[in-house]
1. Using just the helices of the chain, give the 222 nm mean residue ellipticity in deg cm²/dmol: DSSP H runs with n ≥ 4 each add -39,500 (n - 2.57), and the total is spread over all residues, rounded to 500.
2. Arg96's amide H: which non-local residues (gap 5+, or another chain) put their own amide H closer than 5 Å, with H modeled 1.01 Å from N in plane and none for Pro or chain starts?
3. What distance in nm lies between label points placed 7 Å from Cα along the C-beta direction at Gln75 and Glu12?
4. Please give, to one decimal in nm, the separation of the simple spin-label points placed at Ile447 and Ser139, each 7 Å out from Cα toward the Cβ.
5. What are the extents of the Cα atoms of the chain along their three principal axes, in Å, largest first?
6. As a quick test, which of the pairs Lys184/Lys251; Lys22/Lys337; Lys224/Lys370; Lys9/Lys156; Lys22/Lys47 have an alpha carbon distance above 31 angstrom in this structure?
7. Over what distance in Å are the Cα centres of the range 410-427 and the range 263-277 separated?
8. Kindly provide the trypsin sites (Lys or Arg not before Pro) of the range 1-82 that DSSP labels as loop, not H, G, I, E or B, and whose Cβ sees at most 15 other Cβ atoms within 10 Å.
Amino acid sequence: MFKSAYLTKVYEQVEKRNPGEKEFLQAVREVLESLEPVVLADGKYEKNGVIERLVEPERQIVFRVSWVDDQGQVQVNRGYRVQFNSAIGPYKGGIRLHPSVNPSIMKFLGFEQIFKNSLTGLPIGGAKGGSDFDPKGKSDGEVMRFCQSFMTELAKHIGADTDVPAGDIGTGAREIGYMFGQYKRLQNEFTGVLTGKGLTYGGSLARKEATGFGLCYFVDEMLKCMKNDSFKGKTVVVSGSGNVAIYATAKATELGGKVVAMSDSNGYVYDKDGIKLDVVKQIKEVERGRIREYAERVKGAEYHEGCAGIWTVPCDIALPCATQNEIQKESAEILVKNGVVAVGEGANMPSTPEAIAVFQENGILFAPAKAANAGGVATSALEMSQNSMRYSWSFQEVDEKLHGIMVGIFHNAYNAAEKFGMKGNLVAGANIAGFTKVADSMIAQGIAY
Ligand code: NDP
Ligand code: 2IT
């Protein structure tokens, strides 16, 4: 599978230690495949045991989260924090609240976060956390009690200079607010221990918009440099209708594209005249409703059951912004057949390896998640800076920094791929560019015997 005996040995060990953890193995395998030329070119990575250290989390915390629902019943969920790598900064990464959360999903996300955070150029290590708690259909009181119980344990393991969690699927401003309140109560300390906070208590302007905006800045730069093209006049499909999808739609529209479809886990809406984002925001951000309601409110819009169907809508640019493995081989083939020009991953690992191969074999511009969606965590790091300074930058200042960071990530990934003979392969380029800084830091800091 690998030319390098060293990588083969490390990967076999990962398989043995993490049996059946398919998402984690998928993420590790992709990274190790990309790193093969780097590892073969310089013996220092093997000599220092860098790869076998990199694939093993520094620390994993698993804990019981008990809370009381509105009927007075005791409920029990499982909480996680995977502190994967702290070579270049305090652990940093989101908290996912979704019934599908399990050790494999936590580890794949934490592992990806190491390279993504390194790519931002800012001093943040990699981590992820979450719980199998489902915020959907819960009252505000239930969500608050869950978040407080979750933080009661998590508070022992995090801190502004240790580990700084943030949002992800199911964790937005409401959840971050409840968690921050509980941390402050427990520690008697007002610090930047979480990012994605509300603007009245230490949040950064443009953090809410950052992942979606950053994705479009990255895709725009990719189109410009690799195809002398832009969003102007392009038909765009955006999956999901949460935080990332909404602000990707906003920016793609602002840059001259027309977004014609969005989705949630039940189905998708198609609006040939272009999605009216104020309607989506009202349904999703205010009412916490379903995307189906869009078609009930907007004349001429259609609703289709089943979320994978969104990839049958013809488009020039596809922006998967919902969840992992949402674009499988068949969907990739349909996108190619319908003339897609570029794919930009807003979600984490939304394309399967087989789907990525279809895009690459057909010369589709492909922006991989850990580069393309790094704008969220980059702006989280900017929130940490502002909190440390006890100061805040304007929306425009943060947005300009975000833009500069995304353009920088594109060129780093592009140049790294070219340096190792894989020109245009941003998957390999992002993995290599993210890796070297972390690896060199690990070597510099030695091994604890
Ligand atoms: P939200 O919870 O705000 O929205 C998630 C969206 O994806 C919803 O529309 C949801 O639909 C849909 N979705 C979730 N799970 C599934 C599933 N199993 N199948 C189909 N659809 C699904 O989350 P975010 O927008 O924050 O996150 C979206 C993606 O972006 C995730 O992969 C996340 O890891 C990634 N990401 C997020 C960042 C951030 O800053 N928030 C930063 C970088 C990456 P439904 O309502 O039906 O569940
Ligand atoms: O996947 C991600 O990068 C996030 N969910 C954002 C993490 C963060 O710390 O802002």
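1. Details: 17 runs with 214 residues, N = 449.
After summing the helix terms and dividing by residue count, I get -15000 deg cm²/dmol.
2. For Arg96, whose amide H was placed from the backbone, the distant partners under 5 Å are Gly129, Gly130, Ser131.
3. Computed distance between label sites Gln75 and Glu12 equals 4.6 nm.
4. Distance between label points: 5.6 nm.
5. Principal axes ranked by extent give 64, 54, 43 Å for the Cα atoms.
6. Working: Lys184/Lys251 35 Å; Lys22/Lys337 29 Å; Lys224/Lys370 20 Å; Lys9/Lys156 36 Å; Lys22/Lys47 28 Å.
Checking Cα-Cα distances, Lys184/Lys251; Lys9/Lys156 exceed 31 Å.
7. 34
8. Numbers: sites: Lys3, Lys9, Lys16, Arg17, Lys22, Arg29, Lys44, Lys47, Arg53, Arg59, Arg64, Arg78, Arg81; in loops: Lys3.
Qualifying residues, ordered by number: Lys3.
The values are calculated or read from the model by the stated rules, or taken from the named source; none is laboratory data. The structure displayed is predicted, hence computed values, not measured ones. Cβ: placed from backbone, ideal geometry, glycine included. Neighbour counts: every protein chain shown. Side chains included, ligands, DNA and RNA excluded: accessible areas come from the protein's heavy atoms. Shrake-Rupley method; radii C 1.70, N 1.55, O 1.52, S 1.80 Å.
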